[in-house]
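Let me begin by presenting the structure, written as structure tokens, before commenting on it.
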Amino acid sequence: MTSDSFHTKSVLELKDGPLSYYSLKKLGASTDRLPFSIKVLLESLLRQEDGALVTKEDVEHLLAWTPAGNAEVDIPFLPARVVLQDFTGVPCVVDLAAMRDAVRGMGGNPSRINPLVPVDLIIDHSVQTDYHGTCYARELNERKEMERNLERYSLLKWAQGSFNNLRVVPPANGIIHQVNLECLASVVASRDGVAFPDSVFGTDSHTTQVNALGVLGWGVGGIEAEAVMLGQPCYMPLPQVVGFRLTGKLGPGVTATDMVLTAVEMLRRKGVVGKFVEFYGPGIKGLSLPDRATLANMAPEYGATMGFFPVDEVTIAYLKQTGRERLCELVERYCREQGLFYEGQSPAYSDHLELDLRTVRPCLAGPKRPQDRIELARMKEGFQEMMARQGGQRQGRLLRDGDVLIASITSCTNTSNPSVMMAAGLLAKRAVERGLRPHPNVKTSLAPGSKAVTAYLEKAGLLPYLEALGFHVVGYGCMTCIGNSGPIRQELAEDIEANRLTVAAVLSGNRNFEGRISPHAKANYLASPPLVVAYALAGTVDLDLEHEPLGVDPNGRPVFLRDLWPTAKEVKAALRKVTPAMYRKAYSTVFQGSELWDGVPAPRGETFAWDPASTYIRKVPFFDGMAEEAGGPAPIRGARALAVLGDSITTDHISPAGEIPADSVAGQYLISLGVGEDAFNSYGARRGNHEVMVRGTFANPRLRNELAGGREGGYTTLQPDGTPMDIHSACEEYRRRGVPLIILAGKEYGTGSSRDWAAKGPYLLGVRAVIAESFERIHRSNLVGMGVIPLQFEPGQGVRSLGLDGTEEFDVELEFKPRALAKVTARKGGKGIEFNAIVRIDTPVEVEYLRNGGILQTVLRKLTA
């Protein structure tokens, strides 16, 4: 119950009856200057102000927001709901199940560990592209998914039956963010007779896609999401809001994908980590909501907490288009009453950026970072420059540098946008009519994020043409985008390995980090769906598609990209085939599963019955010893560096999601348990087993640790003697010696996915602190949530400038308060290097988390107090 000390309650009269709401207008004209995203945050505080979790002072702090933000003031935010996907959702459920055991062990009631806010868990990350290019590929992939993940899915069925407020969307229903955008999000919700803006946290960084609807939300780590589920607010400094003004309209042949890759490059250059980005200006009126969703989806790639679009007529039209007419009256009336409806306003922003959409050109991003945009006309030149730096291009028996190995239309980023999907289908139609086919070495796939996609492609008569080029539906899940691209032909893998070839993957996804898409593809490019089809036909990225033919028809005539590219008129005609009925039908059974799902066992009981023989689900050790008093972090003395890493180290580098090699430490562990190589599954699917995950930490085959003597992969040298060994074995030896560990890194440490195992894994290896030049937002929070201390070099300092090489012995003296300075001493050969590092504990509540050993331990102690 709120105290309503601001006395702002009002009533909204609707056709279906009145709803009360907390009026922002009654707070005064000062709210008019606020960015829309800040207004939504303000309403949340106003509504939940109870004098305890949310205080009157919290509301006043936000009401006094200025464009400068305020890192010294932290505010609590409790979203309306939480969404999970299965790669991050399974470890969440494992943690919650272990917490129930811990509560019982402390003499409490296990049922107190239960979500207090609605939670939807969408199973979309486990299906792999084992089969492709055939009409039966999807069926066999889904069957294999069930065979591999029976234990995991049984755990999720237990959770659905044991926890209140938790729903599971079974496999083969779509990708989490597309399901959220097209079905789950209400924009304005009502509960207990009170209307309020929808808001959401998701255990996936691309939760921001729903920002396109005007829904406040972003990705968080699993541990932070678990705390929110249990009623613990997320505390955050008052954010800055960067206004991104859009003008003009996209030109002919330019897609929303080209627009977002351009924006990613601009915003990364600007520097928006930890900030909100809010889009406004006359240009947004010409963007469809799916266009906006593409831009919002990639907020993690440009570094922002959110990429927010306020509600307007385009939002209302999209709700109707996706079969949610029932929401429109409430959404429009509420947003207009609250000053949340965009009608050309220009709020007070912290900073500004502007993009004239007429200047956007066709482009891709790669070969290993989303912000590395390259114009289509420069692809050949750019690739050849990269190969020249590597000593020139190489030729194998079957492949050569630049050949396309994987071409995949995948990911919610683009498959949620009918315009680019129709464009891909129309391009495929023209290619088939000209007699073109992809090279047989190219692994093609189509993985829509929603069943509505296949419905409108079929209705438009375009799916058969995509299938004729090998783009058959392989499943409704993340698939290639998350790294579940599946195996390639053995002879191709051997040719790549033997000749050290740099072959390419071209995908319509949102990430292209090293080692993520496939262990065999060193060059990975993000592109629009029609360009994915074009590169599948060309068979190489070593080509200028603007001036060179991508193929030759059966009569020897060259075929250029311009010959195949559909006109705006053709795309518009195809879009008329998209109807609300398609979305209603696709989502009418979204919580129902197939016969395969119905056959998964559903255990019952207040606590989970752990199977000690399971290789998928193991009880985590994070809550062992919880009956003891919290002692706070021990001093760091005599620490050794486990790894010295460069810039842009991603969570994929730290905790891979893809395949588990047989010769890896994790692979050898599974073999020792009797698991055959064909049953390894992926690291992502094994996140319910900490024994596998800790062995997979820092095991990315493209990781470059300066302590490993130039060897790529999960290797280091044991100090002080310099013995080379794998990282897991080194940590076991350091643990035996009682030596704490640290990580040294450059800029943007922890960029990429929200995966909490990138913090859990280092914690279990014995890492006490990470010292980096800068941190990505989610990963910094995850480190704190696991009790690992993030320390940031002072501006202008880093490993090289300080003369460190990682062979030193480290002492860290720190004061536990936000943004304090820690004194670090690095000793070697009787000499010492002293420097200060900023303690990246950003809010007072994070001090409490560290003193208790982590965020979940803090919540658990409060619940059992």
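The values are calculated or read from the model by the stated rules, or taken from the named source; none is laboratory data. Bear in mind that the values here come from a model prediction, so they are computed numbers and not experimental data. With ideal geometry, Cβ positions are generated from the backbone for all residues, glycine too; neighbour counts draw on all protein chains shown. These accessible areas exclude ligands, DNA and RNA; they are computed on the full protein's heavy atoms, side chains included. Shrake-Rupley method; radii C 1.70, N 1.55, O 1.52, S 1.80 Å.
A few points about this structure:
- Meets criteria (surrounded by 20 or more Cβ atoms within 10 Å (Cβ to Cβ) and touching a residue at least 40 places away in the same chain (Cβ under 8 Å)) for residue 229: yes
- Pair list, Cβ under 6 Å, 6 or more apart: segment 384-410 residue on the phi > 0 side of the Ramachandran plot, other residue open to solvent by less than 50 Å² (accessible area, probe 1.4 Å) and part of a strand (DSSP E or B): 402/540
- Subset of segment 397-411 [open to solvent by less than 10 Å² (accessible area, probe 1.4 Å) and not in a strand (DSSP E or B)]: 399, 401, 402, 410, 411
- Selected residue (criterion: farthest from residue 639 (Cα to Cα)) from residues of segment 810-830 that are open to solvent by less than 60 Å² (accessible area, probe 1.4 Å) and of a type outside the set (Gly, Ala, Ser): 818
- Enumeration of residues in segment 781-809 that are farther than 23 Å from residue 752 by Cα, surrounded by 21 or more Cβ atoms within 10 Å (Cβ to Cβ) and either in contact with a His (Cβ under 6 Å, 6 or more places away or on another chain) or among the small types (Gly, Ala, Ser) (or both): 806
- Top-ranked residue of segment 412-438 - restricted to ones that are of a type outside the set (Lys, Arg) and without any contact (Cβ under 8 Å) to a residue 40 or more places away in the chain, ranked as most open to solvent (accessible area, probe 1.4 Å): 433
- Among the residues of segment 418-427, at least one is in contact with a strand residue (DSSP E or B) (Cβ under 8 Å, 6 or more places away or on another chain), at pLDDT 95 or above and assigned to a helix (DSSP H, G or I).
- Among the residues making up segment 526-549, those that are open to solvent by 10 Å² or more (accessible area, probe 1.4 Å) and either in contact with a Gly (Cβ under 6 Å, 6 or more places away or on another chain) or free of Cβ contacts under 8 Å to residues at least 60 places away in the same chain (or both) are 537, 540, 542, 549.
- Enumeration of residues in segment 183-205 that are assigned to a helix (DSSP H, G or I) and open to solvent by less than 10 Å² (accessible area, probe 1.4 Å): 205
- Where helices (runs of 4 or more DSSP H) sit wholly within segment 121-182, none has at least 2 residues that are touching a helix residue (DSSP H, G or I) at 6+ places or on another chain (Cβ under 9 Å) and free of Cβ contacts under 8 Å to residues at least 40 places away in the same chain.
- Verdict on residue 369 being open to solvent by 60 Å² or more (accessible area, probe 1.4 Å) and part of a loop (DSSP other than H, G, I, E, B): yes
- Screening the candidates 102, 98 for the property of being under 28 Å from the mean Cα position of the chain (by Cα), of a type outside the set (Lys, Arg) and part of a helix (DSSP H, G or I) yields one hit, 98.
- Cross-chain or 6+ apart pairs with Cβ under 7 Å, segment 633-647 first and among the charged types (D, E, K, R), then assigned to a loop (DSSP other than H, G, I, E, B): 640/719; 640/739; 647/746; 647/747; 647/748
- Number of the condition not met by residue 461 [criteria: (1) open to solvent by less than 20 Å² (accessible area, probe 1.4 Å); (2) more than 22 Å from residue 404 (Cα to Cα); (3) assigned to a loop (DSSP other than H, G, I, E, B)]: (1)
- Residue within segment 661-670 that is crowded, with 17+ Cβ neighbours inside 10 Å, touching a helix residue (DSSP H, G or I) at 6+ places or on another chain (Cβ under 8 Å) and at pLDDT below 95 present: yes
- Matching entry among 784, 799, 770 (being of a type in the set (Val, Ile, Thr) and either touching a Pro at 6+ places or on another chain (Cβ under 6 Å) or over 19 Å from residue 750 (Cβ atoms) (or both)): 770
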